[in-house]
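> Okay, handing you the structure first.
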Amino acid sequence: MIVSLIAAVSKNRIIGRNNDLPWRLPDDMKYFMQTTQHHHVIMGRKNYESLPEKFRPLPNRKNIVITRQKDFKAEGCVVVNSLQAALRIAEDAQQEEVFIIGGAQVYKQALPLTQRMYLTEIDAIVLGDTSFPEFDQEEWQEISRKEHPTDNKHQFEFDFVVYERKN
């Protein structure tokens, strides 16, 4: 099973502000939806709570929420207390690829186990309080890049980039 991370990341590694995204990039949201649908997605509790209620659980995906809270309930989701338990669920379901969708703590825990990263690299420095973990670029090979210019719906240029871990 391929363990993949998917995230939108600014030049200064920001991924969030006040438990929300610090930008509005509709084509990135569409890319996220298309890339992760029909897969298991793993997220932390705070990330789950940051989703607008109308999108909880994320449709057309098995949503797995990691939390240390013993009595946490998330309707339509599987709730577990560790990344390992979440990955076991995806593996037992014979998923070819599972997506780690955040937040920062879950990304950091999952990074050593990750084989692929789908990063929307935003060409901007933004204010935020949540960062994507640092990683050694030498360990990764870029396998695709698709540029997206600014337009009337997208205030920043960004690239959809896929990386795979080198052997």
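> Go through segment 20-34 and give me each residue that's within 25 Å of A86 (Cα to Cα), surrounded by fewer than 16 Cβ atoms within 10 Å (Cβ to Cβ) and either at pLDDT 95 or above or in contact with a strand residue (DSSP E or B) (Cβ under 8 Å, 6 or more places away or on another chain) (or both).
Passing the criteria: M29, K30, M33, Q34.
> Which of the numbered conditions does S4 fail, given that it passes all the others? Conditions: (1) open to solvent by less than 20 Å² (accessible area, probe 1.4 Å); (2) farther than 19 Å from R61 by Cβ.
Failed condition: (2).
> On to the next question. Only one of (1) over 20 Å from S4 (Cβ atoms); (2) modelled with pLDDT under 95 is not met by N167, so which one is it?
That leaves (1) as the condition not met.
> Out of everything in segment 44-67 that is at pLDDT below 95 and over 16 Å from the mean Cα position of the chain (by Cα), what residue ends up being least open to solvent (accessible area, probe 1.4 Å)?
E53
> Would you be able to tell me the number of residues in segment 138-149 that are surrounded by fewer than 12 Cβ atoms within 10 Å (Cβ to Cβ) and either polar (S, T, N, Q) or within 14 Å of W23 (Cα to Cα) (or both)?
Residues that pass the stated criteria total 1.
> Right, here's the next one. Would you call I101 within 30 Å of D151 (Cα to Cα), in a strand (DSSP E or B), of a type outside the set (D, E) and open to solvent by 10 Å² or more (accessible area, probe 1.4 Å)?
yes
> Those residues that are in contact with a strand residue (DSSP E or B) (Cβ under 7 Å, 6 or more places away or on another chain) and of a type outside the set (S, T, N, Q), I need them from segment 35-54; list them, please.
Those that are in contact with a strand residue (DSSP E or B) (Cβ under 7 Å, 6 or more places away or on another chain) and of a type outside the set (S, T, N, Q): H39, H40, V41, I42, M43, G44, R45, Y48.
> Starting from residues that are under 13 Å from the mean Cα position of the chain (by Cα) and aliphatic (A, V, I, L, M), keep the ones in segment 15-37 and report whichever is farthest from Q155 (Cα to Cα).
Checked segment 15-37; the qualifying residue farthest from Q155 (Cα to Cα) is M33.
> Out of curiosity, is L87 of a type outside the set (F, W, Y), within 25 Å of R68 (Cα to Cα) and not in a strand (DSSP E or B)?
yes
> Could you tell me which numbered condition C77 fails, if it satisfies all but one of (1) modelled with pLDDT under 95; (2) open to solvent by less than 50 Å² (accessible area, probe 1.4 Å)?
Answer for C77: the failing condition is (1).
> Just a yes or no: is a residue in segment 111-122 touching a Gly at 6+ places or on another chain (Cβ under 7 Å) and open to solvent by 20 Å² or more (accessible area, probe 1.4 Å)?
no
> Would a scan of segment 81-98 turn up a residue that is loosely packed, with under 15 Cβ neighbours inside 10 Å, modelled with pLDDT of 95 or more and touching an Asp or Glu at 6+ places or on another chain (Cβ under 9 Å)?
There is no residue in segment 81-98 that is loosely packed, with under 15 Cβ neighbours inside 10 Å, modelled with pLDDT of 95 or more and touching an Asp or Glu at 6+ places or on another chain (Cβ under 9 Å).
The values are calculated or read from the model by the stated rules, or taken from the named source; none is laboratory data. Keep in mind it's a predicted model, so treat the numbers as computed, not measured. Note: ideal-geometry Cβ built from the backbone for every residue, glycine included; neighbour counts use all protein chains shown. With ligands, DNA and RNA removed, areas are computed over all heavy atoms of the protein, side chains included. Shrake-Rupley method; radii C 1.70, N 1.55, O 1.52, S 1.80 Å.
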